[in-house]
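Trainee: Below you will find the structure I want to go over with you.
Computed from the coordinates by the stated procedures, all read-outs in this text should not be read as laboratory data. Quick caveat: nothing in here was measured; it's all calculated off a predicted structure. Cβ sites come from the backbone with ideal geometry, for glycine too, and all protein chains shown count toward neighbours.
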Amino acid sequence: MSIDSIYKVVLYPFINESIGSLKAMTNLIGTAGDPFMDNVEDFRFKGYAVCSDVTGNLNGVIMMHHYPETAIAVGNAVCQNMFDEKYEYTEINEELSNALAEWGNTIVGRSTDLHSRYNLEYGFSSPYFVNDMSDMEKYLVGVKEIVTVPITIEGIGRYYFNLLVREVNDQVNEIKREESTGIKNTHTKPLPLDSTVLVVDDSAMIRKALKRFLTNLGYSKVLEANDGRDAVELVKSDAPDFMFMDVVMEDMNGDEALSEIRKSGSQVPVVMLSSVTDQKLVNKCQTLGISGFIFKPIHANTGADVIAQYLKIA
């Protein structure tokens, strides 16, 4: 398979989505350079990478690869855009790690969903993070070629997409980024300000942002859960009046938690959140009874307005 074919089939959705999400989540502008072949023997770890294993018609690893200073700048920008505050961290700490994870998860989730809709027979693992140079050697085992695409961020620097290829079969179809819109709550009765709202997301950053949006809107009774299983228990013990719940989480996904909540007899209104826009998943949640579906990312400029649109119950 040629560089151009690999770029269009595997890398293009990730690159295009990263540029789109960069704009949406940081207000920064990214531009993709031309793809080229990297020398496997000379390949070096730059310091911080978001990775996803590729299986199926291609065996390898896709990396969104940063120098630490670029990762720090992007992390600060994600935080600033999410919370409308100035962030000037000079090293990757827990808050920046959460911000970069949210950016990376959004990119990988939307890109892999787009791949699945085009039936390209590629599988992708959940994203994971590498920030230890000693870890890089194991990813290079069996790698025969590396396709690299540089992304230049105006006023910041560069990051790179690397596709480490072990084996590949030909399958070429060009695909493009699609904008996703959420499913709106059609109810018209607003949620009273003294209601209890449960926020469920395994991203501490998203929980913090949603809680801030809710507080700014006048909701002071906000509960948090970082997993679907905890959400099920909180619905039983605290009977919240409304929920915002992520779909993809580590121990129990949001759609599974929603199913358990409905089996328990609770009809609490639930708005789902996800960077994955798979229509089958959306349909499954709708059959279980939801009051809306928000497609990430959300940020400070629009977050409160978006959340406010969903705070209605029949």
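Trainee: Would you be so kind as to identify which of Asn216, Val282, Met252 lies farthest towards the positive end of the dipole of segment 214-292, taking Lys and Arg as +1 and Asp and Glu as -1 on Cβ and the Cα centre as origin?
Mentor: Going by the Cα projections, it comes out as Val282.
Trainee: Take the chain, connect every pair of alpha-carbon atoms lying under 10 Å apart with a spring to form a Gaussian network, then pick out the residue of Leu234, Leu164, Leu210 with the largest mean-square fluctuation.
Mentor: Leu234
Trainee: Give me the extension gain from Leu217 to Ala239: residue separation times 0.36 nm, minus the current Cα-Cα distance, reported in nm with one decimal.
Mentor: 5.8 nm
Trainee: Same structure, new question: Taking 0.36 nm per residue of separation and subtracting the Cα-Cα distance, what length does fully extending Asp305 through Tyr89 add?
Mentor: 74.9 nm
Trainee: Which of (1) 163; (2) 129; (3) 262 is the computed volume of the Cα convex hull per residue in Å³ for the structure on display?
Mentor: The listed entry that was calculated here is (2).
Trainee: How big is the dipole moment of the chain about its Cα centre under a simple scheme where the beta carbon of each Lys and Arg is +1, that of each Asp and Glu is -1, and everything else is neutral? Debye, nearest 20, please.
Mentor: Numbers: 28 positive and 44 negative charges, 220 e Å.
Around 1060 debye, computed over the chain.
Trainee: Here's something else I'd like to know. Could you please report the charge total around Asn27, scoring K, R as +1 and D, E as -1 over all other residues with beta-carbon less than 12 angstrom from its beta-carbon? Could you put the intermediate results ahead of the total?
Mentor: Numbers: positive: Lys23; negative: Asp84, Glu154.
Summing Lys and Arg as +1 and Asp and Glu as -1 gives -1.
Trainee: Order by neighbour count: Phe129, Phe242, fewest other Cβ atoms within 10 Å first, most last.
Mentor: Arranged by neighbour count, lowest to highest, Phe129, Phe242 become Phe129, Phe242.
Trainee: Cut-off 10 angstrom, C-alpha nodes, Gaussian network model of the chain. Which of Val141, Val270, Val108 fluctuates the most?
Mentor: Maximum among the listed residues: Val141.
Trainee: Related question: Counting other C-beta atoms within 10 Å, which of Ser125, Ser203 has the fewest, and how do the rest follow?
Mentor: Ser125, Ser203
Trainee: With each pseudo-label sitting 7 Å past Cα toward Cβ, what's the Phe129-Arg166 distance in nm, one decimal?
Mentor: Inter-label distance under the simple model: 2.5 nm.
Trainee: Could you run the Debye sum over the Cα atoms of segment 1-112, one equal point scatterer each and no solvent, and tell me log10 of I(q)/I(0) at q = 0.17 Å⁻¹, two decimals?
Mentor: So the normalised log intensities work out to -0.88.
Trainee: Please arrange Asp246, Asp132, Asp241 by counting, for each residue, the other beta carbons lying within 10 Å of its beta carbon, fewest first.
Mentor: Numbers: Asp246 28, Asp132 10, Asp241 17.
Neighbour counts put them in this order, fewest first: Asp132, Asp241, Asp246.
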